[in-house]
Amino acid sequence: MLPEGLSAESLRDMYYCMVLTRTCDDRAFALNRQGKIPFAATCQGHEGVQVGAAYALKRGTDWIVPYYRDTALAIAFGVTPREQLMCLFARKADVFSSGRQFPNHYSVPHKNIASISSIIAAHVTHGVGMALAFKMRKEPAVTLITFGEGSTSEGEWHEALNFAGIHKVPAVFLCENNEFAISVPQRLQMAVENVADRAAAYGLPGVICEGTDPVATYLCVREAVERARQGGGPTLIEAKCYRAMSHTSDDNQLTYRTAEEIEALKVRDPIPRFEGWLKERGLIDDGTTEELKKKALAEVNEATDWAEEQPPPTEEDLYTHVYASGPLS
Amino acid sequence: MLPEGLSAESLRDMYYCMVLTRTCDDRAFALNRQGKIPFAATCQGHEGVQVGAAYALKRGTDWIVPYYRDTALAIAFGVTPREQLMCLFARKADVFSSGRQFPNHYSVPHKNIASISSIIAAHVTHGVGMALAFKMRKEPAVTLITFGEGSTSEGEWHEALNFAGIHKVPAVFLCENNEFAISVPQRLQMAVENVADRAAAYGLPGVICEGTDPVATYLCVREAVERARQGGGPTLIEAKCYRAMSHTSDDNQLTYRTAEEIEALKVRDPIPRFEGWLKERGLIDDGTTEELKKKALAEVNEATDWAEEQPPPTEEDLYTHVYASGPLS
Amino acid sequence: MAVKTVLESVRDALHSEMERDPSVFLMGEDIGPRGNVFRITAGFLDEFGRDRVVDTPLAEASIVGIAVGAAMAGMRPVAEIQFADFIYPAYNQIVGEAAKIRYRSAGGNSCPLVVRTPYGGGVRGALSHSVSVEALFYHVPGLKVCAPSTPADTQGLLTSAIRDDDPVLFLEHKRTYRLIKGEVPAGDYTVPIGKADVARTGKDVSVITYGLMRHFAMEAAEQLAGQGIETEVIDLRSIRPMDRETILNSIGKTRKALIVHEDQKFGGIGAEVSAIIAEEALFELDAPVKRLCGPDVPAMGYAKEYEEAFMPSPARIADAIKALADF
Amino acid sequence: MAVKTVLESVRDALHSEMERDPSVFLMGEDIGPRGNVFRITAGFLDEFGRDRVVDTPLAEASIVGIAVGAAMAGMRPVAEIQFADFIYPAYNQIVGEAAKIRYRSAGGNSCPLVVRTPYGGGVRGALSHSVSVEALFYHVPGLKVCAPSTPADTQGLLTSAIRDDDPVLFLEHKRTYRLIKGEVPAGDYTVPIGKADVARTGKDVSVITYGLMRHFAMEAAEQLAGQGIETEVIDLRSIRPMDRETILNSIGKTRKALIVHEDQKFGGIGAEVSAIIAEEALFELDAPVKRLCGPDVPAMGYAKEYEEAFMPSPARIADAIKALADF
Ligand SMILES: Cc1ncc(C[n+]2csc(CCOP(=O)(O)OP(=O)(O)O)c2C)c(N)n1
Ligand SMILES: Cc1ncc(C[n+]2csc(CCOP(=O)(O)OP(=O)(O)O)c2C)c(N)n1
Ligand SMILES: [Mg+2]
Ligand SMILES: [Mg+2]
């Protein structure tokens, strides 16, 4: 039996999203090592929660307010490999920011993806405000707001959840708990075992799911989204996942984590696990997975070559979009 | 039987503190109506929690980090009627701020009372930092940090409790819940029934006590203080009390609360209730209460006359204490 | 034309924009049943309902942050910070977020937000209810900052600010709320953001100012007129964008500049005004560019004596004008 | 004298002050096992222990707020904000609290706190890891702001900042961390807060600058020396208090001023420098007071092209000096 709401096809699509993301992610680091781009950030270990969450939303209606580690979420929500590579190369036609922001700061209004900055947790109130607007206008949309467990320490995070709980706005808060904030382990980030334990302070349900499992996350987020859509108010979901690589290409996790510890995480890799799950149910076979991996590689190769050729911003581009009325007013 | 740690004498002292505070409070509003001072803030309805809390602390060792509604706490912790009246009149020799801050912004370092501003919740991290210093220096001191229920909405409040919980600093967080933040009722401030429910988000015990009862509050704070002193970490205490008057002399609570509602609060007045409690136990009699009320009035009269005569700051005083090294550094 | 106070002009601008445009709504502390601590929005809750008059929790970062999100989703929120002294917790949302949303998304998103707040001293607001914050925000590209001083300018600029497609910090000098009365044109009245007002023409000295100090400068100018000194008074009204043209035109005429603001001198708005003049009109000057400002101490204190010593007065402004005229 | 990088000079100042004074301790994100994201405090945790090297939660307001409390209780905390772009959430604690504690308590309390943070661009830090924040803080009385540019000044001023009895915002230009090397005197070396450095003497034009731009200005000056233009380069080092005397002395000599900073122009530090000159040395000037600064756009973008277009370069500085020399 398939999980409610997911067809065999959408399960295979989810798998493909995860593979495509991994291919993009690996490409980013390869380009960084080649000296072609100065910076890369990873989502390896988070693909399950992100793809599961994306599929629980109604495309064209719901919005995502992601954070910088949400490559899989963005891709599952409609960001293309070309868009991804354009931001990696900081090209003028980069749809997210025209090469202004760091990579992975997704922003595609026509795909219902909100603009975010690098300032941790600053987007959480934005997602609440968007949900408030939907509620005021009696629109059926829900916002999914994501962040890491470290982000829950920020005062703005508290204020966002507090307001959301009082005004029962249609928002879902999804914490991708990978147990680290750069080098800081969870036990130095909070005195509770689960981020979900914080929900009680805001009168919200707090739910925990296995974040390496896209189906488990899907089911959990789906329930929360429907509750929010019905006017039942927000939910705080904690998806337990892990960070396979260093924080970004600027970090070296061996300065604060042992090689053994890192190695041991590999058994949780969401991609082979989901592959196994699909195979057990006869939804995919070795031939298909190979084919999909090849297809992803071809897509990412094409996107890389194309994006590399696109023009960078020019000096004049520095002055655009300061105000609606022009550069200096 | 007397409550643990409280002698008959200290119970009578507590009563006197409450009466003295009420006398100061009434005087402030009288001076305001007479046009002698432009501003007054009240603590009526909070005297129980404040005096109870003060008596749970070790004078000369522990510190209070109060907020602007803590007249009774300050008086019970050693602030004199003269000091109180000097700040009301904004005199140069006002020990709290030399007439720079609004009244009731207590600050008496040699009495272990920290300096606070009017910016809601900004002092909560300070109290945590002081406690951290005590812990680092292995001193036996505990900080008592107070605030209203509205203050718990601020992000800085969250950050303070989160850090305190992780590092188990010797602090006690005491919320004086009077159900209003100026005009905003608790249900628009948080989606939970009790502020104490928020403790769970920080791995702290959350305790509720009857804040109009000084003995109940004393017992509750005492336990938390001792726990903190032993290294057991902080506690969040919620003392349920009420605000008898408008927020300040600039407010008019009839714009957002009915006269009946306000009238009905009177039965909770901590002073007659505590008086009754003491009488039931034979710790005080009508003669003594009358005498103490007269004594308080005499003290406050003397302080008023004296303070009114003291010189105000001069133009040169504007420039002092900008930097340790002088006015413009 | 109706005569009203500055406070009433704020109320009227909010009221007519809320009537005109359903995407306009208000957020802030005590703006509901209490109708704001100055009673500006008294009655709004009953008229517009709880959805459009949102009494928020006591949390400034989220008052602005949630308004930013709503603005990104197509609303036109007007967020209130109860006193400018309490705006600091929202600094990240205003400076780090709102001001950069259009730029960082290369025009994909916008943030049509107004943050309005009462600022300034002279009402015995003490150390934490008297601050001037304009200099802490006017350096930020992507943000606009208004600080009008008359009822007409306040109503006209607030209306423009609400209709503006970018974030505007709208500063209302609280001493002017009830003190300053004036005529306001009826109907759909706007004043463009970025244009200064020549409040008074004169040939001897230019006073460049804004906020409460406009009124004090006008008083000083009237006094001096009796002594044969003709002062030109420029009320900037908008701090960012700043009307360089009006400033430079005036200097070209008077050849002497006095900048007056209540806010502290070092690094205040007057620094930029002076720098514009020193960069673009240096050889037109017959005297040093002078600044008469609040003193470089942390805040205005509670005691009357502190307030009086802190704030430039009409008499002190007149002295400074006279010194320049005599230069 | 040892030759070291700016980064090493920060490390050495922190290390010797921690050794010297047990009340000095560090708080910040990732300063423990990670040794700070630039590895400045690598090894400190093992040497000084968890009590004195506190890896905090991800929450800037409390990093500063808790440090303020500890400072009030007699400690000398050095709080780190990982990048200056993340300082905004702590604005209330720095501007509203730390800067006012001495004043508001009439000397009863003090706040010997250092907040240090890497700022500035040129390292492909993109929109949120490149900001210059000095102009958002230097207006605040009660606060001191340092922005040194050489290893010696960095070590000497950071040592002074830690020993100072008032709060100091200490800005480290992140591009200088590994780029700039120089000699630092051995032993207990301090540089007084509030004194500028005449980095180069000259008679034709004064360049007043600080941070990375000091080095770019020196490059430009060297180039021009070959063409017979003698540039005086003033490195402010401290932004508040600002060394008016050194600025004015230099203007008295060269009669021409160019102010250079990477931060945006409108309302930047250059405004105050220019205003000081226009107020006190107007008749000594032979040319308008010029400012060469970052452009008035919200931020430095990620693409190399944005960075290059944003930042003043030695070549652009040389052009501006030449234009003034020729004036
Ligand atoms: C306000 C702010 N402070 C600090 C940083 C630096 N920083 C970037 S990511 C990060 C850790 C975030 O951890 P978490 O929220 O758990 O997300 P994760 O990266 O683990 O997915 C930090 C400290 C920042 N970007 N913004
Ligand atoms: C940061 C900040 N925001 C707003 C205010 C204005 N203000 C002063 S007291 C108050 C209400 C506080 O309510 P609560 O914390 O419940 O304390 P209470 O006054 O009820 O004792 C408000 C909104 C302020 N002083 N500081
Ligand atoms: Mg994490
Ligand atoms: Mg309250």
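The values are calculated or read from the model by the stated rules, or taken from the named source; none is laboratory data. Everything numeric in this text was worked out from a predicted model, so none of it was measured. Please note: Cβ atoms are built from the backbone with ideal geometry, for glycine as well, and neighbour counts cover all protein chains shown.
With B:ALA171, B:ALA160, B:ALA164 as the choices, which residue is more than 7 Å from ligand 2 (Cβ to nearest atom) and either without any contact (Cβ under 8 Å) to a residue 40 or more places away in the chain or not small (Gly, Ala, Ser) (or both)? Even if it seems obvious, please write down each step before you answer.
Values: B:ALA171 fails: either without any contact (Cβ under 8 Å) to a residue 40 or more places away in the chain or not small (Gly, Ala, Ser) (or both); B:ALA164 fails: either without any contact (Cβ under 8 Å) to a residue 40 or more places away in the chain or not small (Gly, Ala, Ser) (or both).
Unique residue meeting the criteria: B:ALA160.
If I ask for residues that are under 21 Å from D:SER110 (Cα atoms) and part of a helix (DSSP H, G or I), which ones from the range B:287-329 would you list?
B:GLU316, B:ASP317, B:LEU318, B:TYR319
Go through (1) at negative phi; (2) within 14 Å of another protein chain (Cβ to nearest Cβ); (3) touching a helix residue (DSSP H, G or I) at 6+ places or on another chain (Cβ under 6 Å) for A:TYR319 and report which single condition fails.
Evaluating A:TYR319 over (1) at negative phi; (2) within 14 Å of another protein chain (Cβ to nearest Cβ); (3) touching a helix residue (DSSP H, G or I) at 6+ places or on another chain (Cβ under 6 Å) leaves (3) as the failure.
Can you give me the number of residues within the range B:231-282 that are assigned to a strand (DSSP E or B), within 13 Å of ligand 2 (Cβ to nearest atom) and away from every other protein chain (no Cβ under 14 Å)?
Of all residues in the range B:231-282, those assigned to a strand (DSSP E or B) come to B:235-240, B:248.
Subset that is within 13 Å of ligand 2 (Cβ to nearest atom): B:238-240, B:248.
From what is left, the residues that are away from every other protein chain (no Cβ under 14 Å) are B:239-240.
Of the residues in that region, 2 qualify.
Scan the range D:170-195 for residues that are in contact with a Leu (Cβ under 7 Å, 6 or more places away or on another chain) and either of a type in the set (Ser, Thr, Tyr) or surrounded by fewer than 21 Cβ atoms within 10 Å (Cβ to Cβ) (or both) and report the count. Quick ask: steps written out before the conclusion?
Quick first cut of the range D:170-195, residues in contact with a Leu (Cβ under 7 Å, 6 or more places away or on another chain) only: D:170, D:173, D:175-178, D:191, D:193.
Checking which are either of a type in the set (Ser, Thr, Tyr) or surrounded by fewer than 21 Cβ atoms within 10 Å (Cβ to Cβ) (or both) leaves us with D:176-178.
Going through the range D:170-195 one residue at a time, the tally reaches 3.
Looking only at residues in the range B:76-88 that are surrounded by 24 or more Cβ atoms within 10 Å (Cβ to Cβ) and out of contact with any Pro (no Cβ under 6 Å at 6 or more places or on another chain), which one is farthest from the other protein chains (Cβ to nearest Cβ)?
B:ALA76
Only one of these conditions is not met by A:MET190: (1) outside any helix (DSSP H, G or I); (2) within 16 Å of ligand 2 (Cβ to nearest atom). Which number is it?
All conditions are met except number (2).
Limited to the range B:113-157, what total is found for residues that are among the hydroxyl-bearing types (Ser, Thr, Tyr), away from ligand 2 (no atom under 14 Å from the Cβ) and surrounded by fewer than 24 Cβ atoms within 10 Å (Cβ to Cβ)?
Residues of the range B:113-157 among the hydroxyl-bearing types (Ser, Thr, Tyr): B:115, B:117-118, B:125, B:143, B:146, B:151-153.
Narrowing the set further to residues that are away from ligand 2 (no atom under 14 Å from the Cβ) leaves B:115, B:143.
With the extra rule that they be surrounded by fewer than 24 Cβ atoms within 10 Å (Cβ to Cβ), the set shrinks to none.
Within the range B:113-157, residues that are among the hydroxyl-bearing types (Ser, Thr, Tyr), away from ligand 2 (no atom under 14 Å from the Cβ) and surrounded by fewer than 24 Cβ atoms within 10 Å (Cβ to Cβ) number 0.
Scanning the range A:142-159 for residues that are more than 9 Å from chain B (Cβ to nearest Cβ) and in a helix (DSSP H, G or I), which turns out farthest from ligand 4 (Cβ to nearest atom)?
Residues of the range A:142-159 more than 9 Å from chain B (Cβ to nearest Cβ): A:142-151.
Among the residues that remain, those that are also in a helix (DSSP H, G or I) are: A:150-151.
On the way: A:GLY150: 31, A:SER151: 29 Å.
Checked the range A:142-159; the qualifying residue farthest from ligand 4 (Cβ to nearest atom) is A:GLY150.
If you check C:ASP85, C:ASP46, which single one turns out to be part of a helix (DSSP H, G or I) and out of contact with any Gly (no Cβ under 8 Å at 6 or more places or on another chain)?
Working: C:ASP85 fails: out of contact with any Gly (no Cβ under 8 Å at 6 or more places or on another chain).
Residue meeting the stated conditions: C:ASP46.
Tell me which residues, restricted to the range C:236-257, are hydrophobic (A, V, I, L, M, F, W, C) and either farther than 17 Å from D:ALA271 by Cβ or under 19 Å from the mean Cα position of the chain (by Cα) (or both). Outline the logic, then answer.
First, pick out the residues of the range C:236-257 that are hydrophobic (A, V, I, L, M, F, W, C): C:236, C:239, C:242, C:247-248, C:251, C:257.
Scanning the range C:236-257 gives C:LEU236, C:ILE239, C:MET242, C:ILE247.
Mind checking whether some residue in the range A:184-203 is within 13 Å of ligand 1 (Cβ to nearest atom), more than 7 Å from chain B (Cβ to nearest Cβ) and touching a Cys at 6+ places or on another chain (Cβ under 7 Å)?
yes
Of (1) within 16 Å of ligand 4 (Cβ to nearest atom); (2) more than 14 Å from chain A (Cβ to nearest Cβ); (3) surrounded by fewer than 23 Cβ atoms within 10 Å (Cβ to Cβ), B:GLU223 satisfies all except one. Which?
Unmet for B:GLU223, out of (1) within 16 Å of ligand 4 (Cβ to nearest atom); (2) more than 14 Å from chain A (Cβ to nearest Cβ); (3) surrounded by fewer than 23 Cβ atoms within 10 Å (Cβ to Cβ): (1).
Among (1) without any contact (Cβ under 8 Å) to a residue 12 or more places away in the chain; (2) farther than 18 Å from B:VAL65 by Cα, where does B:ALA181 come up short?
(1)
Can you pull out the helices (runs of 4 or more DSSP H) entirely within the range B:1-110 that have at least 2 residues that are under 30 Å from B:ARG229 (Cβ atoms) and touching a Ser or Thr at 6+ places or on another chain (Cβ under 9 Å)?
Working: elements: B:8-33, B:47-55, B:71-76, B:81-88.
By residue number, B:8-33, B:47-55, B:71-76.
Just for helices (runs of 4 or more DSSP H) wholly inside the range C:221-327: which have at least 2 residues that are surrounded by fewer than 18 Cβ atoms within 10 Å (Cβ to Cβ) and touching a residue at least 60 places away in the same chain (Cβ under 8 Å)?
Working: elements: C:244-254, C:269-280, C:304-310, C:314-326.
Output list reads C:314-326.
Hey, can you tell me all the residues within the range B:111-135 that are of a type outside the set (A, V, I, L, M, F, W, C), part of a loop (DSSP other than H, G, I, E, B) and more than 7 Å from chain D (Cβ to nearest Cβ)?
B:ASN112, B:SER118
Considering only the range A:164-180, I want to know if a residue exists there that is part of a loop (DSSP other than H, G, I, E, B), away from ligand 3 (no atom under 16 Å from the Cβ), in contact with a strand residue (DSSP E or B) (Cβ under 6 Å, 6 or more places away or on another chain) and more than 9 Å from every other protein chain (Cβ to nearest Cβ). Give the steps one after another, and end with the answer.
First, the residues of the range A:164-180 that are part of a loop (DSSP other than H, G, I, E, B): A:168-170, A:178-179.
Next, only the ones that are away from ligand 3 (no atom under 16 Å from the Cβ) stay: A:168-170.
Narrowing the set further to residues that are in contact with a strand residue (DSSP E or B) (Cβ under 6 Å, 6 or more places away or on another chain) leaves none.
No: the range A:164-180 contains no residue that is part of a loop (DSSP other than H, G, I, E, B), away from ligand 3 (no atom under 16 Å from the Cβ), in contact with a strand residue (DSSP E or B) (Cβ under 6 Å, 6 or more places away or on another chain) and more than 9 Å from every other protein chain (Cβ to nearest Cβ).
Restricting attention to the range D:289-299, does a residue exist that is modelled with pLDDT of 95 or more and more than 25 Å from the chain's Cα centre (by Cα)? First the steps, then the outcome.
Pass one, the range D:289-299, residues modelled with pLDDT of 95 or more: D:289-299.
With the extra rule that they be more than 25 Å from the chain's Cα centre (by Cα), the set shrinks to none.
No, every residue in the range D:289-299 fails to be modelled with pLDDT of 95 or more and more than 25 Å from the chain's Cα centre (by Cα).
If only one of C:ALA79, C:ALA99, C:ALA106 is in the same structural domain as C:GLU17 (by TED's automatic domain parsing) and either part of a loop (DSSP other than H, G, I, E, B) or surrounded by fewer than 24 Cβ atoms within 10 Å (Cβ to Cβ) (or both), which one is it?
Values: C:ALA79 fails: either part of a loop (DSSP other than H, G, I, E, B) or surrounded by fewer than 24 Cβ atoms within 10 Å (Cβ to Cβ) (or both); C:ALA99 fails: either part of a loop (DSSP other than H, G, I, E, B) or surrounded by fewer than 24 Cβ atoms within 10 Å (Cβ to Cβ) (or both).
Among C:ALA79, C:ALA99, C:ALA106, only C:ALA106 is in the same structural domain as C:GLU17 (by TED's automatic domain parsing) and either part of a loop (DSSP other than H, G, I, E, B) or surrounded by fewer than 24 Cβ atoms within 10 Å (Cβ to Cβ) (or both).
Across the range C:56-85, what is the number of residues that are more than 10 Å from chain A (Cβ to nearest Cβ) and within 16 Å of ligand 4 (Cβ to nearest atom)?
Within the range C:56-85, residues that are more than 10 Å from chain A (Cβ to nearest Cβ) and within 16 Å of ligand 4 (Cβ to nearest atom) number 1.
Suppose the filter is among the small types (Gly, Ala, Ser) and within 21 Å of C:PRO298 (Cβ to Cβ); does B:ALA76 pass it?
Judged against the criteria, B:ALA76 is not a match.
Go through the residues of the range A:246-253 one by one and say whether even a single one is more than 14 Å from ligand 1 (Cβ to nearest atom), modelled with pLDDT of 95 or more and not aliphatic (A, V, I, L, M). Explain how you work it out, then say what you get.
We begin by selecting, within the range A:246-253, every residue more than 14 Å from ligand 1 (Cβ to nearest atom); these are A:252.
Now narrow it down to the ones that are modelled with pLDDT of 95 or more: A:252.
Those left that are additionally not aliphatic (A, V, I, L, M): A:252.
Scanning the range A:246-253 turns up at least one residue that is more than 14 Å from ligand 1 (Cβ to nearest atom), modelled with pLDDT of 95 or more and not aliphatic (A, V, I, L, M).
Within the range B:93-110, can you find the residues that are more than 9 Å from chain D (Cβ to nearest Cβ) and more than 16 Å from the chain's Cα centre (by Cα)? Steps first, answer last, please.
Filtering the range B:93-110 for residues more than 9 Å from chain D (Cβ to nearest Cβ) gives B:93, B:102-104, B:106.
B:ALA93 - this is the single residue of the range B:93-110 that is more than 9 Å from chain D (Cβ to nearest Cβ) and more than 16 Å from the chain's Cα centre (by Cα).
How many residues does the range B:300-316 contain that are within 24 Å of the chain's Cα centre (by Cα) and either within 14 Å of chain D (Cβ to nearest Cβ) or buried (at least 19 other Cβ atoms within 10 Å of the Cβ) (or both)?
Result for the range B:300-316: 4.
Name every residue in the range C:17-37 that is surrounded by fewer than 19 Cβ atoms within 10 Å (Cβ to Cβ) and either more than 9 Å from every other protein chain (Cβ to nearest Cβ) or closer than 12 Å to B:ILE182 by Cβ (or both), in order of residue number.
C:GLU19, C:ARG20, C:ASP21, C:PRO33 - these are the residues of the range C:17-37 that are surrounded by fewer than 19 Cβ atoms within 10 Å (Cβ to Cβ) and either more than 9 Å from every other protein chain (Cβ to nearest Cβ) or closer than 12 Å to B:ILE182 by Cβ (or both).
A quick yes/no check of all residues on (1) within 14 Å of chain D (Cβ to nearest Cβ); (2) surrounded by fewer than 24 Cβ atoms within 10 Å (Cβ to Cβ); (3) in contact (Cβ under 8 Å) with a residue 24 or more places away in the chain:
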| position | (1), (2), (3) |
| --- | --- |
| A:ARG22 | no, yes, yes |
| A:GLY35 | yes, yes, no |
| A:THR42 | no, yes, yes |
| A:HIS46 | no, no, yes |
| A:GLY52 | no, no, yes |
| A:GLY60 | no, yes, yes |
| A:LEU73 | no, no, yes |
